[in-house]
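Values in this text are rule-based calculations from the coordinates and carry no lab data. It should be emphasised that the depicted structure is a prediction, and the values quoted were computed from it without experimental measurement. Reconstructed Cβ throughout: ideal geometry from the backbone, glycine too, with neighbour counts over all protein chains shown.
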């Protein structure tokens with residue numbers, strides 16, 4: 001299970017490894033340098049690589065200033081699949097993730113704006 005140790009604009013430390021690109025933290029692995037189809041949008045296609053690995057809870061970090069916007073249809077589709085989704089600015093998302101059981105939670109984090 002992954003542990004997020006620290007976040008600051010453009011950087012996050014996951015299990016002792018610094019990540020400087022957007023990242024998805026799953027119970028079984030970390031996906032670094034996560035790219036989305038559109039930089040400041042999140043659509044279901046952007047999570048296709050990890051769709052089968054998503055646990056019961058997904059915390060989405062929208063950036064330091066909340067500029068990444070999840071598409072409402074994406075959130076609805078995730079919830080229809082049984083994934084509880086919470087959308088927060090990234091610093092708050094990291095704090096929220098740390099409150100959850102890492103065996104049952106994931107985080108998709110935009111690290112900059």
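By count of other Cβ within 10 Å, fewest leading, how are 20, 112 ordered?
The fewest-first ordering by Cβ neighbours comes to 20, 112.
Residues 1, 68 in ascending order of nearby Cβ atoms (within 10 Å, fewest first): 1, 68.
Distance between the modelled labels on residue 29 and residue 13, one decimal in nanometres: 2.5 nm (7 Å Cα→Cβ projection).
Just one of (i) 27.1, 94; (ii) 14.8, 52; (iii) 12.3, 34 is Rg and Dmax of the Cα atoms in Å as worked out from the coordinates here. Which one is it? Only one option fits the structure, namely (iii).
The slack in the chain from residue 96 to residue 43, taken as 0.36 nm per residue of separation less the alpha-carbon distance, amounts to 16.9 nm. Under a Gaussian network description of the chain, with springs only between Cα atoms under 10 Å, the residue in 93, 51, 80 that fluctuates furthest is 80.
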